[in-house]
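Here's the structure, in structure tokens; my notes come after.
Where a number appears in this text, it was derived from the coordinates with a stated rule and is not lab data. None of the values given here were measured: they were computed from a predicted structure. Cβ placement follows ideal geometry from the backbone for every residue including glycine, while neighbour counts extend to all protein chains displayed.
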Amino acid sequence: MTPPLVQTRGLSLGYDDHAVVDHVDLTIEAGEVIALLGPNGSGKSTLVRGLFGLVPRLGGSIELCGVEQSQFTEHTRIGYVPQRHSLAQAVRSTVAEIVAAGRLPHRPWWRPASADDRQRVAAAIDLVGLGDRAHAEVSTLSGGQQRRTLIARALAGDPDLLVMDEPTAGVDHANQLVLADVIARLAANGTAMLVVTHELDVLAGVVTRIVCLDGGHIDFDGDPEAYAAHLAEADHPHIHGGHHHDHDHAAGGH
Ligand code: ADP
């Protein structure tokens with residue numbers, strides 16, 4: 001049996017011994033496309049950064065492809081597209097140079113790029129729709145195009161799982177649709193994804209599962225249908241027999 005791509009058990013992460021992610025159990029299997037939702041400050045970025053060992057772990061376990069996170073060496077199997085500003089130091093580089101860096105872990109430092117490496121770089125750039133900008137300096141690109149460059153860099157490594165932290169944040173609607181299309185094409189190729197987002201609408205139809213964080217805890221984990229029911233219940237708890245302040249008030253005869 002293939003181990004899950006990600007499996008956390010009782011995972012707590014935080015800063016200065018203060019837990020921001022608290023006892024989270026999260027398993028990601030091949031082919032899943034998961035939207036990670038939650039209010040600002042609920043711990044979404046901390047959780048995804050923690051999967052890569054970028055946040056102090058206060059407790060629990062993280063296994064990546066069946067291997068304890070600190071022992072995991074097949075870094076390209078799990079690609080990471082961080083939240084923002086990560087191209088700031090690379091402004092003089094071209095799109096192709098940035099994306100080619102995503103191939104580096106696949107070969108010894110002294111071996112030049114092979115035809116296969118170059119082909120994968122070109123394919124990754126095409127897939128994110130930047131074929132005509134491959135030799136442009138990234139400083140000349142829009143924010144959305146820079147985000148797509150980072151996605152292409154992760155794709156060049158041919159990952160089984162791509163983790164993206166708010167790929168559509170701060171991007172205009174047209175670029176959001178382009179990114180959603182990229183995500184749909186990756187999903188069709190069988191790439192599993194964990195996407196932190198506030199814009200679930202643009203990913204509707206692609207997402208297979210929704211995980212909601214609130215105050216560092218998972219407060220919902222299920223498929224889009226169950227999520228719709230969960231929202232309906234939150235909006236109209238009286239329909240399901242729960243108590244709702246306004247309802248009680250109205251029932252009081254005003
Ligand atoms: P989200 O991504 O859901 O908006 P974050 O994971 O960014 O939430 O933040 C969760 C909490 O952790 C917030 O209270 C935030 O202030 C705190 N936090 C995030 N990064 C750091 C850091 N580097 N040092 C200390 N506290 C942090």
* Along each principal axis, Cα extent of the range 90-182, largest first, Å -> 42, 29, 19
* **Zone of residue 139's modelled label, taken as backbone nitrogen in the range 99-124 under 16 Å from a point 7 Å along Cα→Cβ** => none
* Asked: What are the principal axis extents of the Cα atoms in the range 1-144, in Å, biggest first?
  -> 45, 37, 28
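Ranked by Cβ crowding within 10 angstrom, fewest neighbours first, how are 32, 233 ordered?
On the way: 32 18, 233 13.
So the residues, fewest neighbours to most, are 233, 32.
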* Find how much the distance from residue 18 to residue 118 grows on full extension, using 0.36 nm per residue of separation minus their present alpha carbon separation; answer in nm with one decimal. => 31.5 nm
* For the range 132-168, state which trypsin sites (Lys or Arg not before Pro) are in a DSSP loop and have at most 10 other beta carbons lying within 10 Å of their beta carbon. => none
* How high is the relative contact order of the chain, in percent, counting Cα pairs under 8 Å that sit 6 or more residues apart? -> 25
* To do: With a point put 7 Å past each Cα toward its Cβ, work out how far residue 67 is from residue 220 in nm, to one decimal.
  => 3.6
* Listed residues 35, 72, 100: farthest to the positive end of the dipole of the chain (Cβ charges) -> 100
* To do: Normalise the Debye intensity by I(0) for the chain, one equal point scatterer per Cα, no solvent, then take log10 at q = 0.14, 0.16 Å⁻¹ and round to two decimals.
  => -0.98, -1.22
* Specify the inter-centroid distance of the range 138-165 and the range 181-214, based on alpha-carbon positions, in whole Å. => 15
* In whole percent, what relative contact order does the range 34-136 give with Cα contacts below 8 Å and a gap of six or more residues? -> 20
* Hey, what D do you get for the range 152-192 in µm²/s if you plug the Kirkwood alpha-carbon radius into Stokes-Einstein at 4 °C and 1.567 mPa s? -> 119
